[in-house]
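A.B. asks: Next up is a structure, given as structure tokens.
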Amino acid sequence: IEHGYFISDEEIELLLQSGRWLVMTPSIFFTDERIWTLPPNLVDGHLQQREEVRLRLTAAVKAGVKYAAGTDAMHGGLGKELQYLTDFGASPLEALKAATSRAAELCGLADKIGIIASGYQADIIAVDGNPVEDIRAVQRVRTVVQAGRVIKSFN
């Protein structure tokens, strides 16, 4: 299920029973600069629905639904998505897994990507801070490594 912004308790139970996934992409509701990219007729509704979305996604996390993190084509926003997952009750480690190993599992690629291990493909970022202690550290990227090569290094 993509988004799941207004997922009901019954739908949460169905996800739990079926073992299906929820891909959360809450930034469009909670990141002001994202909201203002919407057509004007949608902005007020998104602002008014923030609390309901927060309650429903928190309920899904607390219930133990399998979830992954996504950006819904809002490139560069994955760090914010992970921050919102922790706001909904996920631990920072669970949020990191939602963007890495769980996302790989959901895509059927867990035997190739999603973890740092011999034989796996990996694009890696180095961040300022420890994201397991403070998930916002993933928003402070210092180095990007793609296919074993440093692509970008920030001072």
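The values are calculated or read from the model by the stated rules, or taken from the named source; none is laboratory data. All of these numbers come straight from a predicted model, not from anything done at the bench. Here Cβ is always computed from backbone atoms with ideal geometry, including for glycine, and neighbour counts include all displayed protein chains. Calculation scope for accessible area: heavy atoms of the full protein, side chains included, ligands and nucleic acids excluded. Shrake-Rupley method; radii C 1.70, N 1.55, O 1.52, S 1.80 Å.
A.B. asks: At 222 nm, what value in deg cm²/dmol follows for the chain if DSSP H runs of at least 4 each add -39500 (n - 2.57) and the sum is divided by all its residues, to the nearest 500?
C.D. replies: -11500 deg cm²/dmol
A.B. asks: Here is a further query. DSSP beta bridges in the chain, what fraction antiparallel, as a percent rounded to 5?
C.D. replies: About 60 percent, rounded to the nearest 5.
A.B. asks: Find how many whole Å separate the alpha carbon centroid of region 4-39 from the alpha carbon centroid of region 89-138.
C.D. replies: Each part reduced to its Cα centre gives a spacing of 20 Å.
A.B. asks: For region 1-154, build the charge dipole from Cβ charges (+1 Lys, Arg; -1 Asp, Glu) around the Cα centre, then report which of GLN83, VAL150, GLY108 sits farthest towards its positive end.
C.D. replies: It is VAL150.
A.B. asks: Let me ask something else. Using a probe radius of 1.4 Å on heavy atoms only, what accessible surface per residue do you get for region 3-122? Whole Å² is fine.
C.D. replies: Normalised by residue count, the accessible surface of region 3-122 is 54 Å².
A.B. asks: If you consider only alpha-carbon coordinates, what radius of gyration and Dmax does the chain have, in Å?
C.D. replies: Taking only Cα atoms of the chain, I get Rg and Dmax of 16.3, 50 Å.
A.B. asks: Where in region 93-122 is the amide nitrogen less than 13 Å from a point lying 7 Å along the Cα-to-Cβ axis of ASN130?
C.D. replies: Residues passing the 13 Å test: 93.
A.B. asks: For region 2-89, give the magnitude of the charge dipole about the Cα centre (Cβ charges: +1 Lys/Arg, -1 Asp/Glu; no others), in debye to the nearest 20.
C.D. replies: In total the dipole reaches around 240 debye.
A.B. asks: To continue, here is another question. Tell me, what ³J(HN,Hα) does each residue in region 70-81 have, in order and in whole Hz, if you take phi through Karplus 6.51 cos²θ - 1.76 cosθ + 1.60 with θ = phi - 60° and put x for Gly and Pro?
C.D. replies: For region 70-81, the Karplus curve yields x, 10, 6, 6, 8, 4, x, x, 4, x, 5, 4 Hz.
A.B. asks: Using a 10 angstrom Cβ neighbour count of at most 16 plus a DSSP loop assignment to flag exposed chymotrypsin sites (Phe, Trp or Tyr not before Pro), which longest range of the chain is free of such sites?
C.D. replies: 37-119
A.B. asks: Moving on. From Cα pairs below 8 angstrom and at least 6 apart in sequence, can you work out the relative contact order of the chain, rounded to a whole percent?
C.D. replies: After rounding, I find 17 percent.
A.B. asks: In the chain, what is the count of Lys pairs whose alpha carbons are under 25 Å apart, counting only pairs at least 8 residues apart or on separate chains?
C.D. replies: 10
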